[in-house]
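Read the structure below first, then the notes.
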Amino acid sequence: MASSAFSRLPGFRDFPPEDLALRSLIFGAWRQTSRRYGFLEYDGPPLEPLDLYVEKSGQEIVGQLYNFVDKGERNVTLRPEMTPSLARILADRSRGMSKPIRWFSMPQLFRYERQQRGRLKEHFQWNVDIVGESGVAADVEVLAVGIDGLRALGLTSDDFAARVSDRRLLTAVLGALGVSEQQLPGTFALVDKSERQPKEKSRAHLTDEVGVDPSVADQVLGMLDDSSIEALTERFADRDDVGAALEPVREYIASLEAMGLGDFVEVDLTIVRGLAYYTGIVFELFDCKRELRSICGGGRYDRLLELVGGEALPAVGFGMGDVVLGELLSDRSLIPEYQRSLDYFLVLISEEQRPQALGIAHRLRESGKSVAYVLSERGVAKQMKVAAKEGARRVLIVGPEELARDSVLVKDMVSGEQSEVGLDELT
Ligand code: HAM
């Protein structure tokens with residue numbers, strides 16, 4: 001392989017046509033699914049003021065910003081996520097809009113993360129958000145769009161599932177177990193990490209760093225082993241606050257079951273989500289074998305719009321990245337073989353026919369067909385080879401004798417059949 005003097009930056013991707021085909025397949029499913037649910041597409045600038053993220057997105061994302069000072073002395077950053085941009089766009093225009101607002105977008109995002117499987121420094125992320133509806137029906141709708149987006153690509157409940165939690169429920173449960181209000185942020189952060197580290201380490205963290213009583217720490221970790229609705233209902237039967245916090249989750253699951261999507265959803269309080277702005281139901285989509293990082297994450301964020309200076313509007317949405325999804329599709333052999341295709345390839349018997357061939361090609365293109373031919377002199381055998389390589393369904397052999405009769409020879413590349421066809425009939 002020839003080496004290049006300029007290598008690609010680590011964590012960034014080139015998209016030659018065979019790789020772009022996968023991206024287009026994913027974008028097609030995302031766009032089509034969004035439209036089936038009545039969402040409208042929007043976009044914003046890839047470069048945003050730094051302040052849009054500081055304090056709103058939380059430390060994890062702020063530590064990963066691709067930020068710099070521009071020539072106008074502005075503190076700017078490449079967008080690491082879309083939600084603050086959405087909030088900003090709506091802050092300026094939501095007042096005159098009918099609610100709820102259903103918008104989707106497929107931005108390229110940038111995060112200065114260490115490259116690893118499923119994590120790059122850029123990715124495309126499908127964002128689907130409903131703004132202006134506080135009822136749980138909006139949460140249901142959003143998760144259903146995400147599930148259906150993956151189903152549109154051929155994935156099933158054997159391949160992926162949504163793990164759902166609710167920050168209000170987790171708060172009530174932790175309170176019932178004896179975690180104090182001051183210990184809540186530290187405990188939330190630990191719950192988020194609990195799955196990725198040994199229980200002993202989590203226990204030590206809770207007691208030594210968060211200051212939770214050892215018996216409370218054991219109860220918290222025990223509760224996380226099974227946080228299904230049934231388990232929580234039984235365990236906290238005497239706690240009205242937990243009972244009330246379970247209600248929206250119960251309604252959420254029942255609605256998804258009514259849609260026929262129950263197999264895709266499970267309640268799991270270890271899902272906290274790293275971003276700071278979530279206020280209610282949160283969820284992440286994972287592959288069932290649990291080999292990959294999360295495919296998608298989202299939830300309710302009822303205060304963000306107000307924070308960026310807009311109307312106080314409740315909102316819920318998700319972001320689904322193309323990187324982990326591409327890996328999952330590849331693991332499940334769901335990526336179609338890359339194939340080039342052309343309606344026609346024109347083969348010239350000699351260069352003398354080029355002017356007529358150009359006329360024929362152009363008329364065919366005007367009628368919407370895809371047409372190609374060699375751009376410099378080649379023998380007929382070579383031209384036939386190129387036609388096959390480019391995936392032409394039909395070859396038009398443009399020769400002097402047929403042209404004299406206002407026709408060409410048409411060869412069907414699948415059946416091999418060949419016949420003479422008049423130019424009028426062809427175009
Ligand atoms: P997030 O969890 O930060 O959420 O990202 C959502 C998804 O984007 C992840 O599950 C993952 O598939 C993908 N992703 C994130 N970072 C990377 C990376 N470095 N490389 C590849 N893929 C990545 C958000 O961004 C929220 N703003 C989503 C949201 C929309 N919440 C409400 N509306």
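The values are calculated or read from the model by the stated rules, or taken from the named source; none is laboratory data. The shown structure was predicted, so the numbers you read here are calculated from the model rather than taken from an experiment. When we count neighbours, we look across all protein chains shown, and the Cβ atoms used for this are built from the backbone with ideal geometry, even at glycine. We work out accessible area using only protein heavy atoms, side chains counted, and drop any ligands, DNA or RNA first. Shrake-Rupley method; radii C 1.70, N 1.55, O 1.52, S 1.80 Å.
Quick notes on this structure:
- Residues that are open to solvent by 80 Å² or more (accessible area, probe 1.4 Å) and not aliphatic (A, V, I, L, M), drawn from the range 366-389: Glu366, Lys369, Glu377, Arg378, Lys382, Lys385, Lys389
- Of residues in the range 350-365 being free of Cβ contacts under 8 Å to residues at least 24 places away in the same chain, of a type outside the set (Lys, Arg) and open to solvent by less than 60 Å² (accessible area, probe 1.4 Å), the one farthest from Val410 (Cα to Cα): Gly359
- Scanning the range 112-137 for residues that are within 16 Å of Pro84 (Cα to Cα) and either part of a loop (DSSP other than H, G, I, E, B) or among the hydroxyl-bearing types (Ser, Thr, Tyr) (or both) gives a single hit, Gly132.
- Selected residue (criterion: nearest to Pro49 (Cα to Cα)) from residues of the range 87-116 that are over 16 Å from the mean Cα position of the chain (by Cα) and within 10 Å of the ligand (Cβ to nearest atom): Ala87
- Restricting the range 63-98 to residues that are among the charged types (D, E, K, R) and assigned to a loop (DSSP other than H, G, I, E, B), the residue that is surrounded by the most Cβ atoms within 10 Å (Cβ to Cβ): Arg79
- Scanning the range 390-427 for residues that are within 22 Å of Glu366 (Cβ to Cβ), surrounded by fewer than 17 Cβ atoms within 10 Å (Cβ to Cβ), of a type in the set (Asp, Glu) and more than 42 Å from the chain's Cα centre (by Cα) yields Asp406, Asp424, Glu425.
- Within the range 274-319, the set of residues being farther than 16 Å from Val191 by Cα, of a type in the set (Phe, Trp, Tyr) and either part of a loop (DSSP other than H, G, I, E, B) or more than 8 Å from the ligand (Cβ to nearest atom) (or both) comprises Tyr277, Phe286, Tyr301.
- Residues of the range 117-141 that are among the polar types (S, T, N, Q) and within 19 Å of Leu52 (Cα to Cα): Gln125, Asn127.
- Residues within the range 117-135 that are surrounded by fewer than 21 Cβ atoms within 10 Å (Cβ to Cβ) and more than 9 Å from the ligand (Cβ to nearest atom), tallied: 5
- Only listed residue being in contact (Cβ under 8 Å) with a residue 40 or more places away in the chain, surrounded by 21 or more Cβ atoms within 10 Å (Cβ to Cβ) and in a strand (DSSP E or B), chosen from Val347, Val324: Val347
- Of residues in the range 274-283 being among the aromatic types (Phe, Trp, Tyr) and closer than 19 Å to Arg163 by Cβ, the one surrounded by the most Cβ atoms within 10 Å (Cβ to Cβ): Phe283
Residue-wise test of (1) among the charged types (D, E, K, R); (2) touching a residue at least 60 places away in the same chain (Cβ under 8 Å).
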{"residue": "Asp14", "(1), (2)": "yes, no"}
{"residue": "Arg36", "(1), (2)": "yes, yes"}
{"residue": "Pro45", "(1), (2)": "no, no"}
{"residue": "Asp51", "(1), (2)": "yes, no"}
{"residue": "Asp70", "(1), (2)": "yes, no"}
{"residue": "Val76", "(1), (2)": "no, no"}
{"residue": "Arg88", "(1), (2)": "yes, yes"}
